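All remarks here apply to the structure that follows.
Quick note: the coordinates plus some simple rules give every number you see, no bench work behind them. In this text, all values refer to a predicted model and were calculated from it rather than measured experimentally. All Cβ positions, glycine included, derive from the backbone under ideal geometry; neighbour counts span all protein chains shown.
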Amino acid sequence: MRILYLDLDACTPSHLSCYGYHRLTSPNIDHIAREGLRCTNMYCPDAPGLPSRTAFYQGRFGIQTGVVGHGNTTADPKRQGPGRDFRSVYEDPSFPRQLQHAGFHTAMISPFGQRHAAHHFYAGFNEIHNTGQCGTESAEVVQSVIEHWLDDNVERDNWYLHVNYWDIHTPYRVPLDYGNPFAEEPIADWYTDQLIAQHVAKVGPHSAQDLRMFVDNDTANFPRPPLRITDRATLTQWLDGYDTAIRYVDDMIGWIVEKLKAAGVYDDTAIIISADHGENQGERGIYGEHATADQTTCNIPFIVKWPNAASDQIDESLHYHLDWAPTCLELIGRTEPPHEIWDGRSFAPRIRHGTPSGQSELILSQCCHVCQHSVRFDEADKAWLYIRTYHDGYHLFPRDMLFDLRTDPHELHDLADRYPSILREAQWRLWQWHDDQRLKMTKYASDSVDPLWTVMREGGPAHTLLPCLGIDSLQSYIRRLEETGRHQGAVELRAKYERHL
């Protein structure tokens, strides 16, 4: 049995052609999807990258591990405390370590542990190939390592290989000589002229006029994207950069498929294609960032081609990506129950036999760019997303937002004022989840604290700590807003955060 897990950083499913995107961005991924199962409602419970990948391989929510941020206390796992044995709770219960127990040789091609000093990310791996550029490496750098590894191991049995591609993550650095496959294709219809004008006036990091967090895009080093988005032409240039990055990585995946076929092992190799999180491309007025606990940031692609399983299947059930750990172990025949510390639930019957299985609701968290908890649940003909904001990351979000994703997948129409009963139900679901998580922490964690409140106590999300992000103070950013014609936003931001000035 061979398992290949392809981790496409910042790839949102709404820009993959197999998920209905109008541009042909992913022909090789599409082919793999037709041979297996495509999940439409797979979510990372914690975003962005460090919280998401920690949750995925530890099999636990960030509220349990403590990793919900990219800086300060919550960028590190909670200390286990007096209950720590010879091996910590972050080692033996990890998903890769459990694969080792099942007889698998585990290997990783990724710089991610070094990128975030997250060495728990490597727990349970026999081999770690650090591509060495902390996430700035292009696919051709990664591909040479993959080629060498497959040359040595492709015919070997019982391996699990995790591969990271980074090109889909902003700033979309595909070599210019690759060209633009979408130069003659229009952007999606939901980008109306009225919406573009609203986005040009929006304030906040990674808004249309602040493509590099709080300042202009670095066009000198990354010439594909525009300096700012100011009209339809520059918006098109921006989206072409993102879509071209997806197509570029898709080419690399096509090469891997041919390599596996040439070795005669393609049919017997499981291939999983997913991401750590998505990427806002105008949703909530944010571009090129994974900054919210919402559909665009937390909904991820998840495609499973499993040997001898049903093909061309679509799964619309609600899943966390950490459900994959118990699912995978069940699929490889591990008879022991999932590790008791895990938060995931197997959906192996769906892959094998098409039997529906999924979560009744999902709780999503973002504490790096904003502090938000969200609830995703279905009711009657509605696909509800409730977002509770504790710190808006200078985006001027209201405290409570509510969207029906079935009719409004890009979160354009906030329904919070129209459905107070749904707001109350969503808040109740969130409180119930918090109670359950705190009860679990009394058994497995060194405290019963939601790390979101640790982030708030330490001054807010790491990506709002301005001196390290290209601008020296909030007052300086407000001056930039005034200089770029966003006077009303400057007034509102000054009023809301006056005590920080």
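Residues in the stretch 110-127 carry Karplus couplings, in order, of 5, x, 5, x, 6, 3, 10, 6, 10, 6, 5, 5, 8, 4, x, 9, 6, 10 Hz; the curve used is 6.51 cos²θ - 1.76 cosθ + 1.60 with θ = phi - 60°, and Gly or Pro positions show x.
Give me the net charge for the shell around residue 164: Cβ to Cβ below 12 angstrom, other residues only, Lys and Arg +1, Asp and Glu -1. Each step should come with its number before you reach the end.
Numbers: positive: 53, 115; negative: 7, 9, 137, 167, 276.
Summing Lys/Arg as +1 and Asp/Glu as -1 gives -3.
Were the residues from residue 195 through residue 357 laid out at 0.36 nm apart, the gain over their Cα-Cα distance would be 54.5 nm. Pair-distance distribution of the chain: all C-alpha pairs, bin width 10 Å, starting at 0; shares per bin in whole percent are 4, 20, 31, 28, 14, 3, 0. Going by neighbour counts of Cβ atoms within 10 Å, the residues 202, 496 line up, fewest first, as 496, 202. In this structure the amide hydrogen of residue 109, modeled in the peptide plane, comes within under 5 Å of the amide hydrogens of 129, 162, 163, 164, none closer than 5 places in sequence on its chain. Shape class for the stretch 379-441, computed from the alpha carbon gyration tensor (a ≥ b ≥ c): oblate, with a/c not under 1.5 and a/b at or below b/c. For the stretch 81-156, chymotrypsin sites (Phe, Trp or Tyr not before Pro) meeting the loop criterion (DSSP other than H, G, I, E, B) and having at most 11 other Cβ atoms within 10 Å: 86. Proximity of backbone amide H atoms, modeled 1.01 Å from N, is registered between residue 21 and 16 at under 5 Å, excluding neighbours fewer than 5 places apart on the same chain.
What does the C-alpha gyration tensor say about the overall shape of the stretch 327-392? Classify as rounded when a/c is under 1.5, otherwise prolate if a/b is larger than b/c, or oblate.
The shape class here is oblate.
Cross-link reach is defined here as a Cα-Cα straight distance under 30 Å, omitting same-chain residues fewer than 8 places apart; for residue 440 the lysines meeting it are 78. Applying 1/(1 + (r/R0)^6) with R0 = 22 Å to the Cβ-Cβ distance of residue 88 and residue 453, what FRET efficiency is obtained, to the nearest 0.05? The computed FRET efficiency comes out at 0.35. Ordered by the number of other Cβ atoms lying within 10 Å of each residue's own Cβ, fewest first, 136, 296, 12 fall into the sequence 136, 296, 12.
Ellipsoid semi-axes for the stretch 1-55, based on the Cα gyration tensor and the rule √(5λ), read 21, 16, 10 Å when sorted largest first. On the beta carbon distance between residue 412 and residue 380, with R0 = 22 Å, the FRET formula returns roughly 0.55. With the helix formula -39500 (n - 2.57) applied to DSSP H stretches of n ≥ 4, the chain reaches a computed 222 nm mean residue ellipticity of -9500 deg cm²/dmol.
If both residues of a DSSP beta bridge must be in the chain, then about 55% of such bridges are antiparallel.
Between the beta carbons of residue 434 and residue 180, assuming R0 = 41 Å, the FRET efficiency works out to 0.30 to the nearest 0.05.
Add +1 for every Lys or Arg and -1 for every Asp or Glu among the other residues with Cβ under 12 Å from the Cβ of residue 477, and state the total. Here the count lands on 0. Around the amide H of residue 383, modelled in the peptide plane, lie the amide H atoms of 405, 406, 407, all under 5 Å away and 5 or more residues distant in sequence or on another chain.
When a footprinting reagent is the concern and you count Cβ atoms within 10 Å, what order do 43, 386 take, fewest first?
386, 43
Classify the stretch 366-501: rounded, prolate or oblate, from the alpha-carbon gyration tensor (a ≥ b ≥ c, eigenvalue square roots; a/c under 1.5 rounded; otherwise prolate if a/b is larger than b/c)?
oblate
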